[in-house]
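Quick note: the coordinates plus some simple rules give every number you see, no bench work behind them. Just so you know, these numbers come straight off a predicted model, no measurement behind them. Note that we place each Cβ from the backbone using ideal geometry, even for glycine, and neighbour counts take in every protein chain shown.
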Amino acid sequence: EGEWNVGNFFSSYGYRDIGYNDDYKWDLCITNPSNNKVSYFEVKTDVYERDTGNMAIEIRYRGKPSGISHTEAEFFVYYYKNSGEMYMIKCDELRELIKQNIKKLKVVMGGDYNQSELVLLNREEYGNHFTMFYHTYEQKGKECDSIEERQEDISF
């Protein structure tokens, strides 16, 4: 449902032809109506019980590159379902941020059966590298309250 909510966010700004994908290449694609540019997104949805202040970025699964290390998407969106906060960054910029800071970042195992290697990015320390948006979570299948023309420009 995270990808669907991020898609609704972009739809509310007039983006169109929103598509979803289930393989490693990308999660969401959208078309900018002003220039017909198609952009691809990797979306991570965080459904925390307790906010740790970190973004958990997957870099490997069972020892093989995955997540941000493997995606073909242009943009990465980290969506916090409970707060509605969305952090967006170009995938290349996120890879470089991790690479430049890997020695001081915490790396943990997590995900299903602790098979994923995750880099923890503290939002307070690294959040300024991301563009932040807000979208109230909506349950998939219900009418979207967010689908109304918005005035702000979120071109990329």
> Which is farthest toward the positive dipole end of the chain among Gln115, Met55, Ser34, measuring Cα position about the Cα centre, with Cβ charges +1 (Lys, Arg) and -1 (Asp, Glu)?
Replying inline: Gln115
> What value, in deg cm²/dmol to 500, does the helix sum -39500 (n - 2.57) over DSSP H runs of n ≥ 4 give at 222 nm once divided by the residues of the chain?
Replying inline: -4500 deg cm²/dmol
> Quick one: putting +1 on the C-beta of Lys and Arg, -1 on the C-beta of Asp and Glu, what dipole do you get for the chain around its Cα centre, in Debye to the nearest 20?
Replying inline: 700
> If Lys and Arg each add +1 and Asp and Glu each add -1, what is the summed charge of the other residues whose beta carbon sits under 12 Å from the beta carbon of Asn36?
Replying inline: +1
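How about region 64-120: which GluC sites (Glu not before Pro) there are in a DSSP loop, with at most 15 other Cβ atoms within 10 Å of their Cβ?
Working: sites: Glu72, Glu74, Glu85, Glu93, Glu96, Glu117; in loops: Glu72, Glu74.
Within region 64-120, the qualifying GluC sites (Glu not before Pro) (loop, at most 15 other Cβ atoms within 10 Å) are Glu72.
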> Which value, in debye to the nearest 20, describes the size of the charge dipole of region 1-56 about its Cα centre when Lys and Arg Cβ atoms bear +1, Asp and Glu Cβ atoms bear -1, and nothing else is charged?
Replying inline: 320
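Filter Lys99/Lys140; Lys25/Lys104; Lys103/Lys140 down to the pairs with a C-alpha to C-alpha distance above 32 Å, please.
On the way: Lys99/Lys140 35 Å; Lys25/Lys104 28 Å; Lys103/Lys140 39 Å.
Pairs exceeding 32 Å: Lys99/Lys140; Lys103/Lys140.
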>> I need the calculated FRET efficiency for the pair His70 and Gln139, taking r as the beta carbon distance and R₀ as 30 Å, to the nearest 0.05.
In response: 0.50
> Counting DSSP beta bridges in the chain, what percent are antiparallel, to the nearest 5?
Replying inline: 85
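Checking the a/c ratio against 1.5 first, then a/b against b/c, what shape does the Cα gyration tensor give for region 40-122? Don't jump to the answer; show the numbers that get you there.
Working: a/c = 1.33, a/b = 1.08, b/c = 1.23.
Here region 40-122 falls in the rounded category.
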>> Of the candidates Asn54, Asn122, Asn36, which one comes out as most mobile in a Gaussian network treatment of the chain with C-alpha springs shorter than 10 Å?
In response: Asn36
